[in-house]
Amino acid sequence: MNDLKPDRVAWLKGAAFNCDSIAVATHSPLRLVLLGAPGAGKGTQAELLSTRLGACHLSTGDIFRTAKLSNYCDRSPAMHEALNSMRRGELVSDEMVLNLVTERSRCLHCRGGFLLDGFPRTVTQAEAFEKVLHENGVTLNAVLNYEMPLEEIVNRLSGRRICPQCKAVFHIVTRPPEMVDVCDHCGAGLIQREDDLPESIRVRMTTHESSAAPLAEFYQRRNLLISISAEGTPEEIYDRTISALRPRI
Ligand code: AP5
């Protein structure tokens, strides 16, 4: 496999930080938004697309999970509030998310392109993001909407384990690490996300149900939406994604 994956320090930690390994420049960088229910596999597909095509994986959830590793006293009151919302499975306020994304808008110019995962999440965020794109002179190639039946989503979320250090994602059945509970990439101990516990999963699914349709419609009206079945293996879904994107890249 061609490993083109850039590191994401400027995205994960904010404007004061620079990425150590910068994406390889491509003639036509891929600029995508990935939509889909919690657990549909957006992060897994973003990881494959990033590693193989070089676009930077920009996940808003990963910004919050990185902040969670910081010193408790260094977090702003707004970040404390955001992490509490996340733990409960609720959305973080539009204002907070938009501030974080706007502060990181130079990542939209990443020369390998970008894969936005988990943002925008509401029509308010999508409208504000449209302005940010316009101000930055950047256009999207497409918005991928990963579709998945509910039962399978619960299986995926309850078996997920993540690396708190390098953010790699595993699954105890479908993508187990080589050594139990140890990250294949950096050797850190794997953990279960707090919001993958049953009560938070329920809240996340309800929240997703109310915001998904208006958001999909928003991008449908702009002729950017591509729906992709998220059933099957990650490789099958990746192949479907590439085929669906071909006419647009
Ligand atoms: P976020 O981190 O964005 O989480 P999410 O959208 O709920 O999505 P997930 O990360 O749970 O799922 P995924 O689709 O990426 O699935 P994955 O690839 O890991 O957000 C977390 C929280 O942060 C939110 O609840 C909110 O509080 C806050 N937040 C973030 N952005 C926000 C915003 N814009 N506005 C407001 N609040 C925001 O796969 C899941 C599992 O399945 C893994 O174990 C994986 O290995 C496995 N798997 C994946 N694909 C397959 C496959 N094809 N077959 C079998 N197993 C598979």
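Could you please find all residues in the range 149-167 being surrounded by fewer than 19 Cβ atoms within 10 Å (Cβ to Cβ) and either touching a residue at least 24 places away in the same chain (Cβ under 8 Å) or hydrophobic (A, V, I, L, M, F, W, C) (or both)? Outline the logic, then answer.
Going residue by residue through the range 149-167, those that are surrounded by fewer than 19 Cβ atoms within 10 Å (Cβ to Cβ) are 149-152, 154-155, 158-159, 164-166.
Listed by number, the residues that qualify are P149, L150, E152, V154, S158, P164, C166.
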Does the range 188-200 hold any residues that are more than 9 Å from the ligand (Cβ to nearest atom), under 22 Å from K167 (Cβ atoms) and in contact with a helix residue (DSSP H, G or I) (Cβ under 8 Å, 6 or more places away or on another chain), and which are they? E194
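Only residues that are part of a helix (DSSP H, G or I) and either of a type in the set (A, V, I, L, M) or in contact (Cβ under 8 Å) with a residue 60 or more places away in the chain (or both): list them for the range 67-97, please.
A67, A78, M79, A82, L83, M86, R87, R88, M96, V97
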Verdict on T207 being surrounded by 15 or more Cβ atoms within 10 Å (Cβ to Cβ) and more than 11 Å from the ligand (Cβ to nearest atom): no
Is at least one residue of the range 183-193 part of a helix (DSSP H, G or I) and either without any contact (Cβ under 8 Å) to a residue 60 or more places away in the chain or of a type in the set (F, W, Y) (or both)? no
Assess whether L98 counts as being within 14 Å of the chain's Cα centre (by Cα) and modelled with pLDDT of 95 or more. no
Of all residues in the range 132-170, which are within 10 Å of the ligand (Cβ to nearest atom) and assigned to a helix (DSSP H, G or I)? E152, I153, N155, R156, L157, S158
Could you give me the residue pairs with C-beta distances under 7 Å whose first residue belongs to the range 232-249 and is under 22 Å from T174 (Cβ atoms), whose second residue is in a loop (DSSP other than H, G, I, E, B) and within 16 Å of the ligand (Cβ to nearest atom) wherever it lies, and which are 6+ apart or on separate chains? P234/G41; I237/G41; I237/A230
Quickly run through the range 25-37 and pick out the residues that are at pLDDT below 95 and either under 11 Å from the mean Cα position of the chain (by Cα) or in a strand (DSSP E or B) (or both). L30
Which of the numbered conditions does V182 fail, given that it passes all the others? Conditions: (1) among the hydrophobic types (A, V, I, L, M, F, W, C); (2) more than 9 Å from the ligand (Cβ to nearest atom); (3) under 19 Å from the mean Cα position of the chain (by Cα). (3)
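Here is a yes/no grid of residues against (1) of a type in the set (S, T, Y); (2) within 14 Å of the ligand (Cβ to nearest atom):
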| site | (1), (2) |
| --- | --- |
| N223 | no, no |
| I228 | no, yes |
| Y238 | yes, yes |
| T241 | yes, yes |
| P247 | no, no |
Failed item, numbered, when N18 is tested on (1) in a loop (DSSP other than H, G, I, E, B); (2) within 16 Å of the ligand (Cβ to nearest atom): (2)
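Within the range 109-127, track down each residue that is part of a helix (DSSP H, G or I) and modelled with pLDDT under 95.
Step one: list which residues in the range 109-127 are part of a helix (DSSP H, G or I), which gives 109, 123-127.
Selection gives H109 alone.
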Are any of the residues in the range 211-219 under 22 Å from E151 (Cα atoms), loosely packed, with under 12 Cβ neighbours inside 10 Å and free of Cβ contacts under 8 Å to residues at least 24 places away in the same chain? yes
Can you tell me which residue within the range 185-198, out of those that are of a type outside the set (A, V, I, L, M, F, W, C) and closer than 11 Å to S158 by Cα, is surrounded by the fewest Cβ atoms within 10 Å (Cβ to Cβ)? P198
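The values are calculated or read from the model by the stated rules, or taken from the named source; none is laboratory data. The structure displayed is predicted, hence computed values, not measured ones. For neighbour counting, all protein chains shown are included, and Cβ atoms are generated from backbone atoms with ideal geometry for every residue, glycine included.
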